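Asker: Attaching a single structure in structure tokens format; questions to follow.
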Amino acid sequence: MEGTIPNPPNTRIAVVTGGNKGIGLEVCRQLAAAGITVVLTARDEKRGVAAVEKLREAGLSDVIFHQLEITDAPRSPSISRLTDFLKTRFGKLDILVNNAAIGGVEYVQDPVDSSLTSNEKFGGMDQLQRLEWMATAVRETYAAAREGLQTNYYGTKHVIEALLPLLQASSDGRIVNVSSEWGLLRLINNEELKQELNDNVEKLTEERLDEILDTFLNDFKAGEVEAHGWPKHFSAYKLSKVTLNAYSRILARRHPELRINCAHPGYVKTDMTLQSGLLTPEEGASNLVNVVLLPEGGPTGTFFALGQEAPFV
Ligand SMILES: NC(=O)c1ccc[n+]([C@@H]2O[C@H](COP(=O)([O-])OP(=O)(O)OC[C@H]3O[C@@H](n4cnc5c(N)ncnc54)[C@H](OP(=O)(O)O)[C@@H]3O)[C@@H](O)[C@H]2O)c1
């Protein structure tokens, strides 16, 4: 369902990964409402097409579906098909929002009582209590941790690598990597590593990030996550966002012609948080869209939390 709407020459083109639900769907809605042509991608065609229909019913006709499974790499046929489609159809890409991600944990129960709304269930709890509750609803397994890194870090990286030439063909190419406050370096209990990933970021390489992730996975397998200073809960998710932040900074230095930033949407009621968040998906998406739509020539290699510039630590 790749549509054939003719595009005026100055229309901006955006790709959103994981656009079928949650924050990603709302990012698509808000970008389309701002007059941008949105390629809503989803790994599942049925879910993606249904999401596009939903937006079209709301009057947003300039939204196109394209299938994208971000973890099919290396040389993912899914990523290649999207790249070829964009090349042929538009010859460029102006905005890439890397939103698709998973929790990197096994969800062991479906604890949200469907007879209760999220507010009824979590209304009396503060953020910490909600997060503590989340930790009881999941199990940290090696397989889930590995999949979390493969999706959130490597999958995102492969999408970026494939789409970079098209972003460079734009006069104002932008990447927003959807990150998290759970990707902040303060969560790592290892001063040397924190320094390497922050103060010495200009010396950092992608190979070193691979090494850090391999070491983390080995420690995970050996049951030594906390002993080696890695975060205790949702550790793979946190590491995937820590390394995504570091990779974004490497890329921003390498490609000054692009704006490459990381953005934390807030703690949002979505499937990922079992609806336990404090913000609606619309509010979370708006924190990202603010960064996407920053004026031309704005910051690059920067972390934004809730739409505001913030430190990586
Ligand atoms: N919710 C929060 O409080 C919160 C806080 C900080 C950061 N974030 C970040 O915000 C982003 C969106 O999260 P969300 O809360 O909206 O989660 P969500 O509702 O679970 O949505 C995740 C989206 O990613 C897609 N996805 C997962 N794996 C994929 C893959 N291999 N290939 C392609 N698509 C894939 C999912 O597709 P399916 O429907 O097919 O599974 C879904 O569309 C993520 O990057 C997350 O880390 C969320």
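Asker: Out of GLY229, GLY173, report the one residue that is closer than 30 Å to LYS87 by Cβ and more than 16 Å from the ligand (Cβ to nearest atom).
Answerer: After applying the criteria, what remains is GLY173.
Asker: Out of the residues in segment 131-153 that are in contact with an Asp or Glu (Cβ under 9 Å, 6 or more places away or on another chain) and assigned to a helix (DSSP H, G or I), state the one that is surrounded by the most Cβ atoms within 10 Å (Cβ to Cβ).
Answerer: Restricting to residues being in contact with an Asp or Glu (Cβ under 9 Å, 6 or more places away or on another chain) and assigned to a helix (DSSP H, G or I), the top hit is ALA144.
Asker: Could you tell me how many of the residues in segment 93-102 are within 16 Å of the ligand (Cβ to nearest atom) and surrounded by fewer than 22 Cβ atoms within 10 Å (Cβ to Cβ)?
Answerer: 1
Asker: Kindly provide the set of residues from segment 35-92 that are within 12 Å of the ligand (Cβ to nearest atom), surrounded by fewer than 17 Cβ atoms within 10 Å (Cβ to Cβ) and at pLDDT 95 or above, ordered by number.
Answerer: ASP44, GLU45, LYS46, ARG47, ALA50
Asker: Suppose we keep only residues that are among the charged types (D, E, K, R) and either assigned to a strand (DSSP E or B) or out of contact with any Ser or Thr (no Cβ under 6 Å at 6 or more places or on another chain) (or both) within segment 262-313. Which one would you say is nearest to SER248 (Cα to Cα)?
Answerer: Within segment 262-313, the match that is nearest to SER248 (Cα to Cα) is GLU309.
Asker: If a residue must be buried (at least 24 other Cβ atoms within 10 Å of the Cβ), closer than 17 Å to ARG174 by Cβ and either more than 15 Å from the ligand (Cβ to nearest atom) or not β-branched (Val, Ile, Thr) (or both), how many such residues does segment 14-31 contain?
Answerer: 5
Asker: Going through GLU161, GLU147, GLU181 one at a time, which residue ends up being at pLDDT 95 or above and in contact with a His (Cβ under 6 Å, 6 or more places away or on another chain)?
Answerer: After applying the criteria, what remains is GLU181.
Asker: So is ASP219 in a helix (DSSP H, G or I), more than 28 Å from THR136 (Cβ to Cβ), more than 10 Å from the ligand (Cβ to nearest atom) and not aliphatic (A, V, I, L, M) or not?
Answerer: Answer is no for this residue.
Asker: So which residues in segment 133-142 are within 15 Å of the ligand (Cβ to nearest atom) and either out of contact with any strand residue (DSSP E or B) (no Cβ under 9 Å at 6 or more places or on another chain) or without any contact (Cβ under 8 Å) to a residue 12 or more places away in the chain (or both), if there are any at all?
Answerer: Within segment 133-142, TRP133, MET134, ALA135 meet the criteria.
Asker: Is it true that GLY104 is within 20 Å of GLU69 (Cα to Cα) and touching a residue at least 40 places away in the same chain (Cβ under 8 Å)?
Answerer: Working: within 20 Å of GLU69 (Cα to Cα): yes; touching a residue at least 40 places away in the same chain (Cβ under 8 Å): yes.
Yes; evaluated as a whole, the condition is true for this residue.
Asker: When residues of segment 277-313 are filtered for being under 17 Å from the mean Cα position of the chain (by Cα) and on the phi > 0 side of the Ramachandran plot, how many remain?
Answerer: Of the residues in segment 277-313, 3 are under 17 Å from the mean Cα position of the chain (by Cα) and on the phi > 0 side of the Ramachandran plot.
Asker: Quick one: in segment 257-300, which of the residues that are among the small types (Gly, Ala, Ser) and surrounded by fewer than 20 Cβ atoms within 10 Å (Cβ to Cβ) is farthest from the ligand (Cβ to nearest atom)? Don't jump to the end; show me each part of the working.
Answerer: Kept after step one, since they are among the small types (Gly, Ala, Ser), are these residues of segment 257-300: 263, 266, 276-277, 284-286, 297-298.
Keeping just the survivors that are surrounded by fewer than 20 Cβ atoms within 10 Å (Cβ to Cβ) gives 286, 297-298.
Values: SER286: 13, GLY297: 26, GLY298: 21 Å.
So the residue we want is GLY297.
The values are calculated or read from the model by the stated rules, or taken from the named source; none is laboratory data. Quantities reported herein were computed from a predicted structural model and do not represent experimental measurements. Quick reminder, even Gly has a Cβ in these numbers, built from the backbone with ideal geometry, and neighbours come from all protein chains shown.
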